[in-house]
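Structure first, commentary second.
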Amino acid sequence: MAVRNVDELKKVLNSYISSVEITDVHTHLFSSDFGNLLLWGIDELLTYHYLVAETMRWVDIPCSTFWKMSKKEQADLVWDTLFIKNTPYSESCRGVLTILKKLGLDVESRNLENYRKYFSNMKVEDYIDKVLELSNVKTLVMTNDPFDDEERKVWLESYKGDPRFRAALRIDPLLNNWDNSWIKLKQWGYDVSGELTENTLKETRRFLSDWLDRMDALYMAASLPPSFKVPEDSPRSKIVEECIIPVSREKNIPFAMMIGVKKLVNPDLRLAGDSVGKGDINTVEYLCVKYPCNKFMVTMLSRENQHELCVAARKFRNLLVFGCWWFLNNPVLIEEMTRMRLELLGSSFIPQHSDCRVLDQMIYKWDHSKKIIEKVLLDKYSNILETGWVIDESEISRDINKLFGENFWRFLNA
């Protein structure tokens, strides 16, 4: 059916975005196999590090005092500080309210104990089903770190799998902390040393290959500092070029680089203490041009990097830009970045990923993001209609499916 005016366009666009099945390409969630590593429920939502950082701007207590509290006490303090004594303007606070509303809870009551009762009566398997249904997420990609002892034990001893939860091999320790990582590799039976000899590099490649196969991982990923640079004289650079690049090429999987995080600028805040810095786009361009048979997924944390990242993606089809990461997951920035990407890249990118650490967050992050993406697409389709071009409904369906999933799977299989 041809769409010829804005009123028709609004209806068709809303229908397809509301019903599209989503592939969430980057989360920090886990399937139920991983037990307590899967975070969910109201107390986990309220003690998420976004809200902790915001709370500590208001309360007159040392961070050390906060960390000595029980989870419930911490959640009580966050709720009282951000939702009762202050208006919940922030995107993180609004997200909690959206979740409560979508779950059918009485937001007006502000009754935290009643919310707790709701979650206490829920089984985790049932709640996973409910969250995925409410968010329309068909498949999500986890973040899986073999250097985490608790997670590693599950993979080695008890993992059964859930087809909705796919793995991504996280290699931050390998790249950012080689001095300690090689010791663990040694303990696990890999013939490595602190010096990056040919044999150590070979064994590191074997480690990566073993874990990619064990996890059936869709890609390798690392969170990297603003100073991340390749090439340079460093263990990280050498491991990227001598281990990550050849293994990802052999397995035909992307290397996902998340660039721009400054770790623990305020250590007292723990996970809430990380910050942001401008990364080096030259590294992305270098890797794309030197290794044209490799695939790279990139998201950058600094707003200042977004334009040059889009321009880089215009030059390299082996580069897939994805999501509005972390501090960029705010409506004003999601809209700006989505507009920029559509104007520079057409539909050849992934507009969003949830980056959830708490299962419930998937509900609000996709609800909020879909509304923004719909708004931007409405403007862009309207611009096209103004030229006299007629858009078919099937073309809108095609575009929506690309943006919310197909672009990712196509890139994996390229």
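Going through region 30-48 one residue at a time, which ones are surrounded by 20 or more Cβ atoms within 10 Å (Cβ to Cβ) and polar (S, T, N, Q)?
Once the filter is applied, which keeps residues that are surrounded by 20 or more Cβ atoms within 10 Å (Cβ to Cβ) and polar (S, T, N, Q), region 30-48 yields S31, T47.
Which residue pairs have Cβ atoms closer than 9 Å, lie 6 or more positions apart in sequence or on different chains, and pair a first residue in region 180-201 that is closer than 13 Å to C243 by Cβ and without any contact (Cβ under 8 Å) to a residue 12 or more places away in the chain with a second residue that is surrounded by 13 or more Cβ atoms within 10 Å (Cβ to Cβ) and small (G, A, S)?
Cβ pairs passing all conditions: N199/S193.
Can you tell me which residue in region 76-91 is farthest from the chain's Cα centre (by Cα), limited to those that are surrounded by fewer than 21 Cβ atoms within 10 Å (Cβ to Cβ) and under 18 Å from Q361 (Cα atoms)?
Filtering first and then ranking leaves F83.
Filter region 123-152 for residues that are part of a loop (DSSP other than H, G, I, E, B) and free of Cβ contacts under 8 Å to residues at least 12 places away in the same chain; which is farthest from P173 (Cα to Cα)?
Initial filter on region 123-152 (part of a loop (DSSP other than H, G, I, E, B)): 123, 136, 142-143, 145-148.
With the extra rule that they be free of Cβ contacts under 8 Å to residues at least 12 places away in the same chain, the set shrinks to 123, 148.
Numbers: K123: 34, D148: 10 Å.
Ranking the qualifying residues of region 123-152, first place goes to K123.
Being of a type in the set (D, E, K, R) and touching a helix residue (DSSP H, G or I) at 6+ places or on another chain (Cβ under 6 Å) is the filter here, so list the residues in region 252-274 that pass it.
Within region 252-274, the subset of a type in the set (D, E, K, R) is 262-263, 268, 270, 274.
D268, the sole residue that qualifies.
Go through region 259-313 residue by residue and tally those that are assigned to a helix (DSSP H, G or I) and at pLDDT 95 or above. Let's see the steps before the verdict.
Taking region 259-313 first, the residues assigned to a helix (DSSP H, G or I) are 267-273, 281-290, 303-313.
Filter once more, so that each one left must be at pLDDT 95 or above: 267-270, 272-273, 281-290, 303-313.
Summing the residues that are assigned to a helix (DSSP H, G or I) and at pLDDT 95 or above in region 259-313 gives 27.
I'm trying to understand the selection: among the residues of region 252-304, which are more than 19 Å from S354 (Cα to Cα), touching a strand residue (DSSP E or B) at 6+ places or on another chain (Cβ under 9 Å) and small (G, A, S)?
Of everything in region 252-304, those that are more than 19 Å from S354 (Cα to Cα), touching a strand residue (DSSP E or B) at 6+ places or on another chain (Cβ under 9 Å) and small (G, A, S) turn out to be G277, G279.
Filter region 49-66 for residues that are among the charged types (D, E, K, R) and surrounded by fewer than 15 Cβ atoms within 10 Å (Cβ to Cβ); which is nearest to G95 (Cα to Cα)?
Quick first cut of region 49-66, residues among the charged types (D, E, K, R) only: 54, 57, 60.
After this cut, where a residue has to be surrounded by fewer than 15 Cβ atoms within 10 Å (Cβ to Cβ) as well, the list is 57, 60.
Details: R57: 19, D60: 25 Å.
My answer is R57.
Consider S347 carefully, then state whether it is touching a Lys or Arg at 6+ places or on another chain (Cβ under 6 Å), crowded, with 22+ Cβ neighbours inside 10 Å and either modelled with pLDDT of 95 or more or not in a helix (DSSP H, G or I) (or both). Steps first, please.
Numbers: touching a Lys or Arg at 6+ places or on another chain (Cβ under 6 Å): yes; crowded, with 22+ Cβ neighbours inside 10 Å: no; either modelled with pLDDT of 95 or more or not in a helix (DSSP H, G or I) (or both): yes.
Here the answer is no, as S347 does not meet what is asked.
At least 2 residues that are farther than 16 Å from Q361 by Cβ and modelled with pLDDT under 95 in each: list the helices (runs of 4 or more DSSP H) lying fully within region 6-75 that qualify. Talk me through it step by step, then tell me what you get.
Numbers: elements: 6-19, 42-46, 49-55, 63-68.
Answer list for region 6-75: 6-19.
So which residues in region 323-338 are of a type in the set (A, V, I, L, M, F, W, C) and touching a helix residue (DSSP H, G or I) at 6+ places or on another chain (Cβ under 8 Å)? Quick ask: steps written out before the conclusion?
Applying the first criterion (of a type in the set (A, V, I, L, M, F, W, C)) to region 323-338 yields 324-328, 332-334, 337.
Once the filter is applied, which keeps residues that are of a type in the set (A, V, I, L, M, F, W, C) and touching a helix residue (DSSP H, G or I) at 6+ places or on another chain (Cβ under 8 Å), region 323-338 yields C324, L328, L333, I334, M337.
Going by the conditions given, is V124 more than 30 Å from T204 (Cβ to Cβ), surrounded by fewer than 19 Cβ atoms within 10 Å (Cβ to Cβ), of a type in the set (V, I, T) and touching a helix residue (DSSP H, G or I) at 6+ places or on another chain (Cβ under 8 Å)?
Working: more than 30 Å from T204 (Cβ to Cβ): yes; surrounded by fewer than 19 Cβ atoms within 10 Å (Cβ to Cβ): yes; of a type in the set (V, I, T): yes; touching a helix residue (DSSP H, G or I) at 6+ places or on another chain (Cβ under 8 Å): yes.
Here the answer is yes, as V124 does meet what is asked.
For the condition closer than 22 Å to K130 by Cβ and touching a Leu at 6+ places or on another chain (Cβ under 8 Å), what is the one hit in L97, L103, L51?
Values: L97 fails: touching a Leu at 6+ places or on another chain (Cβ under 8 Å); L51 fails: closer than 22 Å to K130 by Cβ.
Just a single option satisfies the conditions, and that option is L103.
Need pairs with beta-carbon distance below 9 Å; first residue within 21 Å of T338 (Cβ to Cβ) and within region 376-395, second hydroxyl-bearing (S, T, Y); sequence gap 6+ or separate chains.
V376/T338; L377/T338; I391/Y381
I want to confirm something. Restricting to region 353-403 and keeping residues that are β-branched (V, I, T) and in a helix (DSSP H, G or I), which single residue is farthest from N136 (Cα to Cα)? Reasoning before the result, please.
Just the residues of region 353-403 that are β-branched (V, I, T), to begin with: 358, 363, 372-373, 376, 384, 387, 390-391, 396, 400.
With in a helix (DSSP H, G or I) added as a condition, the list becomes 363, 372-373, 376, 384, 396, 400.
Details: I363: 9, I372: 16, I373: 15, V376: 20, I384: 28, I396: 18, I400: 13 Å.
Of everything passing the filter in region 353-403, I384 is farthest from N136 (Cα to Cα).
Could you please give the count of residues in region 239-262 that are of a type outside the set (V, I, T) and surrounded by 19 or more Cβ atoms within 10 Å (Cβ to Cβ)?
Residues of region 239-262 of a type outside the set (V, I, T): 241-243, 246, 248-252, 254-258, 260, 262.
From what's left, surrounded by 19 or more Cβ atoms within 10 Å (Cβ to Cβ): 243, 248, 254-258, 260.
The number of residues fulfilling the criteria is 8.
Quick one: count up the residues across region 153-176 that are surrounded by 14 or more Cβ atoms within 10 Å (Cβ to Cβ), assigned to a loop (DSSP other than H, G, I, E, B) and out of contact with any strand residue (DSSP E or B) (no Cβ under 7 Å at 6 or more places or on another chain).
So the count comes out to 2.
Can you tell me which of (1) within 19 Å of the chain's Cα centre (by Cα); (2) part of a loop (DSSP other than H, G, I, E, B) is the one A222 doesn't meet?
Condition (2) is where A222 drops out.
Residues of region 314-326 being within 20 Å of the chain's Cα centre (by Cα) and in a helix (DSSP H, G or I), which ones?
W326
With respect to D274, is the statement that it is surrounded by fewer than 21 Cβ atoms within 10 Å (Cβ to Cβ), closer than 21 Å to H28 by Cβ and within 18 Å of the chain's Cα centre (by Cα) true? Spell out the reasoning first.
On the way: surrounded by fewer than 21 Cβ atoms within 10 Å (Cβ to Cβ): yes; closer than 21 Å to H28 by Cβ: yes; within 18 Å of the chain's Cα centre (by Cα): yes.
Considered against the rule, which asks whether it is surrounded by fewer than 21 Cβ atoms within 10 Å (Cβ to Cβ), closer than 21 Å to H28 by Cβ and within 18 Å of the chain's Cα centre (by Cα), D274 comes out as yes.
So which of R116, R94, R110 ends up being at pLDDT 95 or above and assigned to a loop (DSSP other than H, G, I, E, B)?
Numbers: R116 fails: assigned to a loop (DSSP other than H, G, I, E, B); R94 fails: assigned to a loop (DSSP other than H, G, I, E, B).
Result of the check over R116, R94, R110: R110.
Exactly one of (1) farther than 27 Å from L344 by Cβ; (2) part of a helix (DSSP H, G or I); (3) of a type outside the set (D, E); (4) touching a residue at least 24 places away in the same chain (Cβ under 8 Å) is unmet by A217. Its number?
Checking A217 against (1) farther than 27 Å from L344 by Cβ; (2) part of a helix (DSSP H, G or I); (3) of a type outside the set (D, E); (4) touching a residue at least 24 places away in the same chain (Cβ under 8 Å), the one that fails is (2).
Within the bounds of region 183-201, is there any residue that is touching a helix residue (DSSP H, G or I) at 6+ places or on another chain (Cβ under 9 Å), surrounded by 15 or more Cβ atoms within 10 Å (Cβ to Cβ) and within 22 Å of P254 (Cα to Cα)?
Yes: one or more hits.
The values are calculated or read from the model by the stated rules, or taken from the named source; none is laboratory data. What you see is a predicted model, and the numbers here were worked out from it, not measured in a lab. Using ideal geometry, Cβ is built from the backbone for each residue, glycine included, and neighbour counts are taken over all protein chains shown.
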